[in-house]
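Report on the following structure.
The values are calculated or read from the model by the stated rules, or taken from the named source; none is laboratory data. Since the model is a prediction, treat every value here as computed from it, not as a measurement. Positions of Cβ are backbone-derived with ideal geometry, glycine not excepted, and every protein chain shown enters the neighbour counts. Note: areas computed on protein heavy atoms with side chains; ligands, DNA, RNA excluded. Shrake-Rupley method; radii C 1.70, N 1.55, O 1.52, S 1.80 Å.
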Amino acid sequence: MLKVGLTGGIGAGKSEVSRLLVECGAVLIDADRIAREVVAPGTPGLAAVVDAFGTEVLAADGSLDRPKLGSIVFADADRLAVLNSIVHPLVGARSRELESAAAEDSVVVHDVPLLTENGLAPLYDVVVVVDASPETQLDRLVRLRGMTEQDARARMAAQATRDKRREIADIVVDNDVPLEELRQRVRDVWDELVRRAHAPREAPEAPQE
């Protein structure tokens, strides 16, 4: 099994890259999707979030009002840290469960938005970073996701810098390109991941007498 950590700044196109990797044959473990599951109505995770932030972060149907919570935490680093301390352990535990269920010869891609920020690179055999210019990120967030420019800039500022993400990368996918060109780049990345998955692993050195 090859464990791949996939990350990238908000609006860089990481979700599109993960989708294309699944088309190639990857097993995807999506931290964002799991993060939603662990704070679904009736879960201990949601109860912990409400204890920390109050009932104002609940929608009328009792589910988590994610835009409301986002507007609170992405403008306040301390409150973001509180949210992360609740959600991240739950996401980690569920991710490990899903990984253990994958076949031994799988390329398992963990889609982790905050991989850089949380120092998680050592957990993976390979780290793939999806990279785009800040101008491209801002345009996608405003034009495609409907964010205000202020909200988009706040969310970008709450994440690691572009340079910090690139520092931990084994492979960088430049996504300042049209979709068809991105598709070919992802195919090339997949070929490299498969090669690494089947490469002989170095045996640990025997201890010195």
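Points to keep in mind about this one:
- Cβ separations smaller than 7 Å between residues 6+ apart or across chains give the following pairs from the stretch 61-77 residues that are under 15 Å from residue 158 (Cα atoms) to residues that are of a type in the set (Lys, Arg): 72/79; 73/79; 74/155.
- Scanning the stretch 20-53 for residues that are touching a residue at least 40 places away in the same chain (Cβ under 8 Å) and among the small types (Gly, Ala, Ser) returns 25, 26, 31, 35, 45.
- Taken over the stretch 104-114, the criterion of being open to solvent by less than 50 Å² (accessible area, probe 1.4 Å) and out of contact with any strand residue (DSSP E or B) (no Cβ under 6 Å at 6 or more places or on another chain) is satisfied by 113, 114.
- Among residues of the stretch 64-84, those that are open to solvent by 70 Å² or more (accessible area, probe 1.4 Å) and within 16 Å of the chain's Cα centre (by Cα), counted: 0
- Residues in the stretch 87-114 that are touching a residue at least 60 places away in the same chain (Cβ under 8 Å) and in a helix (DSSP H, G or I) were compared, and the one that is nearest to residue 189 (Cα to Cα) is 99.
- Of all residue pairs spaced 6 or more apart or on separate chains, those with beta-carbon atoms under 7 Å, a first member in the stretch 157-173 that is in contact (Cβ under 8 Å) with a residue 24 or more places away in the chain and a second member that is part of a helix (DSSP H, G or I) and open to solvent by less than 40 Å² (accessible area, probe 1.4 Å) are 158/80; 168/121; 171/189; 173/17; 173/186; 173/189.
- For the stretch 115-142, the candidate set comprises residues that are in a loop (DSSP other than H, G, I, E, B) and aliphatic (A, V, I, L, M); within that set, the residue that is surrounded by the most Cβ atoms within 10 Å (Cβ to Cβ) is 115.
- Close pairs (6 angstrom Cβ cut-off, 6 or more residues apart or separate chains): closer than 14 Å to residue 185 by Cβ and open to solvent by less than 10 Å² (accessible area, probe 1.4 Å) in the stretch 7-19, assigned to a helix (DSSP H, G or I) and aliphatic (A, V, I, L, M) anywhere: 17/186
- Unique residue being β-branched (Val, Ile, Thr), open to solvent by 50 Å² or more (accessible area, probe 1.4 Å) and at pLDDT 95 or above when the list is 22, 50, 39: 22
- Residue in the stretch 145-159 that is within 15 Å of the chain's Cα centre (by Cα), crowded, with 16+ Cβ neighbours inside 10 Å and part of a strand (DSSP E or B) present: no
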